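Here it is: the structure, laid out below.
The values are calculated or read from the model by the stated rules, or taken from the named source; none is laboratory data. None of these values were measured; they are calculated from a predicted model. When we count neighbours, we look across all protein chains shown, and the Cβ atoms used for this are built from the backbone with ideal geometry, even at glycine. Side chains included, ligands, DNA and RNA excluded: accessible areas come from the protein's heavy atoms. Shrake-Rupley method; radii C 1.70, N 1.55, O 1.52, S 1.80 Å.
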Amino acid sequence: MALAGLAGCGGPSGGTPTGDLICRGEGTIVGGKVTFVKRRYNDTGLTGIRDIMPARYALVEIVLEIDGRSIASTYTNADGNYCVAVNAPADFPMVYPRVASLTNPAYLKVVVHDDQTPPNLFSSRSASLNGSVPGVTYRDIAVPLTVRLGVIDHPVSGAFNILDVLTTGTEKAVALTGRPPAGTLYGVWRPGTYFGGGTEGTYFVGYDAAQIGKGGGDGYIVLSGGEGGGPDAGNHDEFDDDVILHEAGHFVAHAYSRPAEIGGPHYLNDHTQDIRLAWSEGWASFFSSAVRGKS
């Protein structure tokens with residue numbers, strides 16, 4: 001699985017970490033805080049309010065500038081902080097930290113990628129540093145709302161909101177059951193641009209049906225990326241936490257139970273659907289509300 005090129009060109013950032021992180025160790029140590037931009041919404045749409053949120057449990061790699069190879073990696077903690085030892089080659093010592101859109105599998109197996117074959121993770125980088133100089137260097141990674149390539153603003157922070165919300169939903173399932181899902185939860189999202197549409201529709205697909213009810217089976221949540229016209233145009237769900245968690249509810253049923261899933265397209269004004277659909281959709285909406293603390 002590769003890293004998405006649209007996010008790999010994020011502008012550099014760095015400086016004093018925004019958290020209370022203290023990195024220690026021998027040799028060259030790099031640490032900092034990873035954050036992303038979260039857009040808030042209400043029942044009428046996006047409100048214009050933007051919050052800076054920690055990117056929890058996300059992969060951070062130290063990358064050689066000369067050829068893009070990863071030479072060290074770690075994961076952020078619950079506050080978005082990371083520390084990692086670096087041993088860059090003396091001949092080509094310049095490196096930069098990069099965050100990617102998947103969680104620490106030792107904690108929870110959640111991944112967000114695009115809809116290409118093979119799929120690409122989303123990423124964002126910070127400022128470069130000399131990776132062969134002993135001591136501690138701090139580099140925050142601020143995932144921007146968009147990355148400009150040429151004249152087009154490509155959304156990127158939405159991928160990390162999807163990652164965070166799916167992680168929150170899975171954490172709720174673990175709290176209720178005492179064990180993590182055996183399968184991996186994938187969020188599939190391609191944002192729309194001014195000249196092309198993103199992923200179409202929002203829905204859940206479960207795999208490894210033989211493992212349903214045994215705590216197994218991967219799940220794929222495809223999230224609408226919006227039509228062409230930019231990040232403010234069309235129907236896109238990367239910041240619709242209730243929608244994301246609704247689909248996560250389907251994954252929870254898939255991973256822990258034997259759901260009465262029949263699937264297929266359905267709409268608010270449907271009245272001829274199989275009654276089993278009402279149960280599965282009701283459960284998914286209940287799960288979304290329960291995670292968000294809504295009645």
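With a Förster radius of 45 Å, plug the Cβ-Cβ distance of TRP279 and VAL136 into 1/(1 + (r/R0)^6) and report the FRET value to the nearest 0.05.
That pair, TRP279 with VAL136, gives E of 0.25.
Local charge sum around VAL156 (other residues, Cβ-Cβ under 13 Å, Lys/Arg +1, Asp/Glu -1)? The partial results should precede the final answer.
Working: positive: LYS38, ARG39, ARG98, ARG125, ARG148, ARG190; negative: ASP114, ASP153, GLU238.
Around VAL156, the surrounding residues sum to +3.
Further question: Given labels modelled 7 Å from the Cα in the Cβ direction, how far is it in nm from THR177 to SER73?
Computed distance between label sites THR177 and SER73 equals 2.5 nm.
With an 8 Å cut-off on Cα pairs and a minimum separation of 6 or more residues, tell me the relative contact order of the range 215-258 in percent.
Reported relative contact order: 43 percent.
Students often check this: by mean Cβ neighbours within 10 Å, which of 231-237, 47-53, 132-138 ranks highest, and how do the rest follow?
Result, highest mean Cβ count within 10 Å first: 231-237, 132-138, 47-53.
Place the peptides 198-207, 82-91, 29-38 in order of packing, highest mean first, counting for every residue the other Cβ atoms within 10 Å and averaging per peptide.
Numbers: 198-207: 18.0, 82-91: 16.2, 29-38: 24.0.
Highest mean packing first, the order is 29-38, 198-207, 82-91.
Can you give the net charge of the other residues whose Cβ lies under 12 Å from the Cβ of GLY68, counting K and R as +1 and D and E as -1?
Details: positive: ARG69, ARG98, ARG125; negative: GLU61, GLU65, ASP67.
Neighbourhood net charge equals 0.
Quick check for you: with a 1.4 Å probe and neighbouring chains kept, what is the accessible area per residue of the range 93-205, in Å²?
Details: 4250 Å² over 113 residues.
The answer is 38 Å² per residue.
With Cβ to Cβ distances under 13 Å as the rule, what net charge do the other residues near GLU227 carry (K, R +1; D, E -1)?
Computed value for this residue: -2.
Next question. Using a 1.4 Å probe on the protein heavy atoms, what percent of the accessible area of the range 63-171 belongs to carbon and sulfur?
On the range 63-171, the fraction of accessible area on carbon and sulfur atoms equals 52 percent.
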